[in-house]
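Values quoted throughout were computed directly from the atomic coordinates according to the rules given, and no laboratory measurement underlies them. Remember, it's a predicted structure, so these values are computed and weren't measured experimentally. Heads up, the Cβs are rebuilt from the backbone with ideal geometry, glycines too, and the neighbour counts pull from every protein chain shown.
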Amino acid sequence: MEVLTKTAALIAREDKYGAHNYHPLPVVLSKGDGVFVWDVEGKKYFDFLSAYSAVNQGHCHPQIIKAMTEQAQTLTLTSRAFHNNMLGAFEQYATETFHFDKLLPMNTGAEAVETAIKICRKWAYEKKGIPENNAQIVVCKNNFHGRTTTIISFSNDTNARKNFGPFMDGFIKIEYDNLEALKEVLKNNRNIAGFLVEPIQGEAGVYVPSEGYLKKAKTLCEEHNVLFIADEVQTGIARTGRLLATCGNCSCTDKHCSDIPETKPDILILGKAISGGAYPISAVLANNDIMEVIQPGNHGSTFGGNPVAAAVGIAALKVVKDEKLAENAFEMGELFRTELNTFISTCDLIKSVRGKGLLNAILVNDTEDSSTAWDICMLLKENGLLAKPTHGNIIRFAPPLVITKEQLLECVEIIKKSINAISI
């Protein structure tokens, strides 16, 4: 009888008792600290995914864990049937950080996107005067905003959509990074309520839009009284080298980048790193003239805004500010792309590297249905670095923002070594 390793046994148990809705790398993690994670066999790895950019502050950041454990020993949940003494503090800290009047707390990124859609539609009927049930929201092709039935209604990911219909109406899809397409749809439809967009399309392969795209798109929305909705669940909280990716294409060393966004959304959607990966937290932010359409009974969540989430959220945002993580992400991202661009100039296997801050990707010179990117990630794992392919031939690299220059250069060498092993 075959004796399974500890890793194989744990994977087999998960495979037997769990739904098969993910295809993870064959590694079982049991510990994390900063930029590192360890598997159950004791092997140490650099984490270059950061739980899809949730762990921007690094694994188990002591300040965040302290806030969570202290609050968990005092009061964990009241529901919103009662007030609690932490929610207002979190709402104040977050709204002052991002310069909005109001915050609506939820738990996950998909929930926050659903919340933003509801707010946008209600605003359209009550403020803009669109006939009820006629509001349209413009979205971009190849988007990723979650996997609820509403959200996949405007996805063009076949794997996320097939056999999950019927789908919801009320969405118009246009090309990403195409201002003419946005201009045309706004001009020809009086019932447009909002434009929902990712500042960088992360899941699609870290597609960075043209310089000025976001700012010009916001101007078009203003001209047509349409809400500009930024989904910064993945790009927000310093990931792209600025507090928000909607701060434009300037360097985080510019004074305003750590403060007021260049392209201020009408509705801002946050999640993931707003908790530092320690707890499920998401939030929708808007000013009073928009958020006031939500009244008691319109929307809610038993866990949204719970005391633990509030304490964790404050601590997570303070870490970003105190440790200057946006600045570090900007500098380390510049270094990462410079080093990899030098390398790939002599490597036929990699077509390009792209990204902003520490949200980057390499495009493998092979078809989407090939195994090359997966094979590279398996070699990366063997060499002590964890990353994951997206869309078959793209590998996303997103380490925790606490990474140092020495650690980053060590990781670049691991990436080069792994790619060269495939090239031979």
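What residue among ASN142, ASN306, ASN288 has the largest mean-square fluctuation in a Gaussian network model of the chain, using Cα springs under 10 Å?
ASN288
Treating only the Cβ atoms of Lys and Arg (+1) and Asp and Glu (-1) as charged, compute the dipole magnitude of the chain about its Cα centre; round to the nearest 20 debye.
Working: 43 positive and 49 negative charges, 87 e Å.
Rounded to the nearest 20 debye, it is 420 debye.
Please identify, among LYS118, LYS43, LYS388, the residue showing maximal mean-square fluctuation in a Gaussian network model of the chain using a 10 angstrom Cα cutoff.
Highest fluctuation of the listed residues: LYS43.
R0 = 60 Å: FRET efficiency of ASN163 with THR74, Cβ-based, nearest 0.05?
Efficiency, from the Cβ-Cβ distance: 0.85.
Enter the angle in degrees (range 0 to 90, nearest 10) between the Cα long axis of helix 213-223 and the first principal axis of the Cα atoms of the chain, meaning the one along which they spread out most.
That helix lies at roughly 10 degrees to the long axis.
In a solvent-free Debye calculation with one equal scatterer on each Cα, what is log10 I(q)/I(0) for the chain at q = 0.06, 0.09 Å⁻¹, listed in the order of the q values?
-0.25, -0.57
What percent does the relative contact order of the range 78-175 come to when contacts are Cα pairs within less than 8 Å and at least six residues apart? It would help to have the intermediate numbers written out before the result.
On the way: 77 pairs, mean separation 21.8, N = 98.
Over the range 78-175, the number comes to 22 percent.
As I understand it, the dipole of the chain uses +1 on the Cβ of Lys and Arg and -1 on the Cβ of Asp and Glu, about the Cα centre. Which of THR372, LEU87, ALA204 lies farthest toward its positive end?
LEU87
Using a 10 angstrom cutoff on alpha carbons, build the Gaussian network for the chain and name the most mobile of GLN57, GLN234, GLN136.
GLN136
If all Cα-Cα distances of the range 1-135 are sorted into 5 Å bins from 0 onward, what percent lands in each bin, rounded to whole numbers?
2, 7, 10, 12, 15, 14, 12, 11, 8, 5, 3, 1, 0, 0, 0
By how many degrees, 0 to 90 and rounded to 10, does the Cα axis of helix 62-72 deviate from the longest principal axis of the chain?
That works out to roughly 60 degrees.
Which of the listed residues, VAL139, LEU77, ALA160, is farthest toward the dipole's positive end in the range 62-322, when Lys, Arg count +1 and Asp, Glu count -1 at the beta-carbon?
ALA160
Using mean Cβ contacts within 10 Å as the protection proxy, how do 217-227, 335-345, 293-303 order, highest first?
217-227, 335-345, 293-303
What is the angle, in °, between the Cα long axis of helix 6-17 and the longest principal axis of the Cα atoms in the chain? Nearest 10 is fine, range 0 to 90.
Computed tilt is about 40 degrees.
Can you tell me what share of the DSSP beta bridges in the chain is antiparallel? A percent to the nearest 5 is fine. Write out the running numbers ahead of the final one.
Numbers: 31 of 47 bridges.
Here the antiparallel bridges make up roughly 65 percent for the chain.
Where both partners of a DSSP beta bridge lie in the range 174-318, what percent of those bridges are antiparallel, to the nearest 5?
40 percent
Run lengths n ≥ 4 of DSSP H only: what is the helix-derived mean residue ellipticity at 222 nm for the chain, with -39500 (n - 2.57) per run over all residues, to the nearest 500?
Result for the chain, helices only: -11000 deg cm²/dmol.
Got the relative contact order for the range 62-322 handy, in percent, Cα pairs under 8 Å and 6 or more residues apart? Walk me through the numbers before you get to the answer.
Details: 474 pairs, mean separation 82.7, N = 261.
Reported relative contact order: 32 percent.
What is the diffusion coefficient of the range 153-211 in µm²/s, taking the Kirkwood radius over Cα pairs and the Stokes-Einstein relation at 20 °C with a viscosity of 1.002 mPa s?
Estimated diffusion coefficient is 160 µm²/s.
How large is ³J(HN,Hα) for each residue in the range 160-177, as worked out from phi by the Karplus curve 6.51 cos²θ - 1.76 cosθ + 1.60 (θ = phi - 60°), to whole Hz, x for Gly and Pro?
For the range 160-177, the Karplus curve yields 7, 9, 4, 6, 10, x, x, 9, 8, 7, x, 10, 10, 9, 10, 5, 6, 6 Hz.
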